[in-house]
Amino acid sequence: MISMRNVSKKYAADKPALADVDVEIGSGEFVFLVGHSGSGKSTFIKLLLREILPSTGEITVAGQDVVKMKNWKVPYLRRNIGCVFQDFKLLPNKTTYENVAFALEVIGRSKHVIRTQVPEVLRLVGLEEKVDSYPDELSGGEQQRVSIARAFVNRPPMLLADEPTGNLDPATSLGIMSLLNRINKTGTTILIATHDREMVDSMRKRVIALENGRIIRDQSRGVYGYGD
Amino acid sequence: MGINPGYFVGEAFQSFRRNWVMSLVAVTIIYISLLVMGAFFLTGTLLNKVVSSFEQKVSISVFLKDGAAPADVQSLQQNLVADKRIKGVDYVSKAQALEKFKERTKNVPQLVEQLRGNPLPASLEVSLVDPRQVREVVKTIEADANLAKVIKNPGNPEADDIKYAQEVVDRLFQATNVVRLFVAVFMVLLFIVSLVLIGNTIRLAIYSRRREIGIMRLVGASNWFISTPFLMEGVIQSTLGALLAILTLVLAQSFIVPWLQSTLRFLPVTITSAALGQLSALLLLSGIVIGLLGSGAATRRYLKV
């Protein structure tokens with residue numbers, strides 16, 4: 001699903017944000033990407049979404065060569081990657097239903113598709129009672145569920161979550177993680193960038209640890225590590 | 001794909017409502033630019049009519065001496081007809097000249113009664129393809145060897161024998177050229193201002209929707225899908241300005257032209273419906289081009305698509 005070969009990214013000449021990263025993530029995997037601030041997590045995610053290009057190396061996402069890709073094709077790459085962020089990125093003037101439907105509208109899905117897929121995904125994330133609520137009427141956990149529903153409504157082969165539980169309390173975070181786990185069970189690849197130690201330790205999934213732009217550890221059924 | 005085209009129009013109008021002050025300013029400036037352009041266009045068509053009616057009157061008259069040999073007159077006439085700058089050459093005999101004189105002076109018949117015999121000369125009336133070439137053609141006529149044989153005063157033909165209305169034409173063309181230049185410069189300035197203003201309203205529209213745009217990018221909306229509502233907004237603004245300008249001009253000319261007709265009886269002042277059709281097409285097209293250019297530049301710059 002994701003393949004990086006000798007990928008480096010330098011913003012400034014002296015200190016690379018990513019250096020010689022070699023990674024393979026298979027279809028249907030559940031992976032944590034851990035590391036301190038400045039370790040290169042954000043750069044890693046931006047490269048996958050092709051918000052930036054690597055200085056050197058090859059990147060393939062969902063069978064597409066991200067580096068050689070023409071600019072106009074980037075939107076079609078992003079339709080294969082559902083994105084979830086720490087700050088939810090919901091539109092405040094739209095209801096739960098409208099926020100999720102928006103993701104389908106803007107990629108040109110028909111009204112019929114929208115009417116069947118949106119209720120379905122809202123049921124999956126457990127928000128069927130809140131379809132007409134606006135974001136400011138929802139708790140943080142509920143808002144994150146809306147944003148997961150929006151990321152997943154188009155059934156992309158992979159979900160990318162950047163600190164999805166960063167703004168949530170531990171109990172709510174647990175709910176979000178088990179939701180992501182359930183989505184993973186449908187065959188969707190999940191990549192979560194986080195520094196939520198308890199979460200990583202309790203899930204026992206593959207962990208890729210970054211430090212100073214290099215992969216220092218890659219273990220299946222791993223823990224957060226770093227010993228501090 | 002089931003994209004509803006109403007989506008783009010709806011988005012564009014919504015944004016119009018959101019930034020209505022800036023939109024109003026942009027529409028007003030486009031309206032003024034196109035109004036100037038259209039007014040100039042209409043004045044131009046009127047002036048063209050007037051000028052061409054003058055142009056038909058600008059012919060060169062070569063007066064022939066009595067008893068000029070018909071063969072010489074004919075060979076001069078043939079030489080002139082062969083000249084590409086000359087539209088036609090009419091021979092007016094002494095009798096015809098007298099008829100014309102009677103016609104012109106029929107309000108004062110005593111004038112003709114006092115004439116003894118026919119003192120009017122025969123003449124060649126030379127009409128031109130382009131009246132601006134009058135002087136050159138006169139030079140050519142003067143250079144013709146046959147001329148000396150058929151006129152009274154070969155030493156100085158322009159004293160009596162060759163007549164033409166050069167100065168009227170010259171002044172007319174000078175005046176219209178100056179006006180044309182002035183209006184062209186003014187219009188370029190107005191167009192630039194229109195472009196900047198449309199660009200600015202689109203920039204504001206993009207800014208007020210930056211969250212939505214960010215999410216659209218995130219979920220993979222294509223570039224054209226993101227930028228079309230903004231292009232549409234620019235085109236709607238400029239089309240509105242154009243329609244208002246067309247309406248104003250059509251109304252204005254329906255009052256002004258009859259008034260001109262009654263004040264300037266001796267000039268042919270009319271605007272055909274074909275000219276009004278051209279005017280509408282011109283303004284609408286210019287408006288759409290301005291709108292597309294302005295909003296296109298803004299989306300390119302601020303959406304980075």
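Every read-out reported here was derived from the displayed coordinates using simple, explicitly stated rules and does not represent laboratory data. Note that the structure is a prediction, hence the values are computed from the model and not measured. Note that we place each Cβ from the backbone using ideal geometry, even for glycine, and neighbour counts take in every protein chain shown.
Some notes on this structure:
- Residue order, fewest to most surrounding Cβ atoms within 10 angstrom, among A:R123, A:R217: A:R123, A:R217
- Rounded FRET efficiency, nearest 0.05, which uses the C-beta distance separating A:S8 from A:E120 and R0 of 35 Å: 0.25
- Most fluctuating residue given options B:L244, B:L264, B:L292, as computed from a GNM of chain B linking Cα atoms under 10 Å: B:L264
- Estimated FRET transfer efficiency when R0 is 30 angstrom, pair B:T140-B:R171 (beta carbons, to 0.05): 0.80
- Residue of B:K102, B:K49, B:K94 that the Gaussian network model of chain B assigns the largest fluctuation, springs spanning Cα pairs under 10 Å: B:K102
- Between the Cα long axis of helix B:94-104 and the first principal axis of chain B there is an angle of about 50°, rounded to the nearest 10.
- Building the convex hull from the alpha-carbon atoms of the protein assembly as shown and averaging its projection over directions returns 39.4 nm².
- Partner shielding of B:205-217 amounts to 3, given as the average count of beta-carbon atoms from other chains within 10 Å of each residue beta-carbon.
- Summing +1 for each Lys or Arg and -1 for each Asp or Glu among the other residues whose beta-carbon sits under 12 angstrom from that of A:M203 gives +2.
- A simple spin-label model places the labels of A:K185 and A:Q219 2.7 nm from each other, with each point 7 Å out along Cα-to-Cβ.
- The mean number of Cβ atoms from other chains found within 10 Å of a Cβ in peptide B:219-229 is 6, as a whole number.
- Residue order, fewest to most surrounding Cβ atoms within 10 angstrom, among A:S8, A:S39: A:S8, A:S39
- Overall, the protein assembly as shown carries a charge dipole of about 380 debye about its Cα centre when +1 sits on the Cβ of Lys and Arg and -1 on the Cβ of Asp and Glu, all other atoms neutral.
- Comparing B:G155, B:G291, B:G277 in a Gaussian network model of chain B, where Cα atoms under 10 Å apart are tied by springs, the biggest mean-square fluctuation is seen for B:G155.
- Relative to the longest principal axis of the Cα atoms of chain A, the long axis of helix A:96-105 makes an angle of roughly 70 degrees.
- Length gained when the stretch B:N200-B:K304 is fully extended (0.36 nm per residue, less Cα-Cα span): 35.9 nm
- FRET efficiency estimate (nearest 0.05) - Cβ-Cβ, B:W224 to B:V25, R0 25 angstrom: 0.35
- Whole-number D in µm² s⁻¹ for segment B:7-59, Kirkwood Cα-pair radius fed into Stokes-Einstein, 10 °C, 1.306 mPa s: 111
- For chain B: Kirkwood Rh in Å [reciprocal of mean 1/r, alpha carbons]: 24.6
- Over 32 Å [Cα-Cα, chain A], rounded percent: 19
- Using the rule -39500 (n - 2.57) for each DSSP H run of four or more residues, divided by the residues of the protein assembly as shown, the 222 nm mean residue ellipticity is -18000 deg cm²/dmol.
- In degrees, nearest ten, helix A:170-185 long axis to first principal axis of chain A (Cα): 90
- Counting Lys and Arg as +1 and Asp and Glu as -1 over every other residue whose Cβ lies under 13 Å from the Cβ of B:V112, the net charge comes to +2.
- Neighbouring Cβ atoms from other chains, within 10 Å of the Cβ of residues in B:62-68, number 0 on average.
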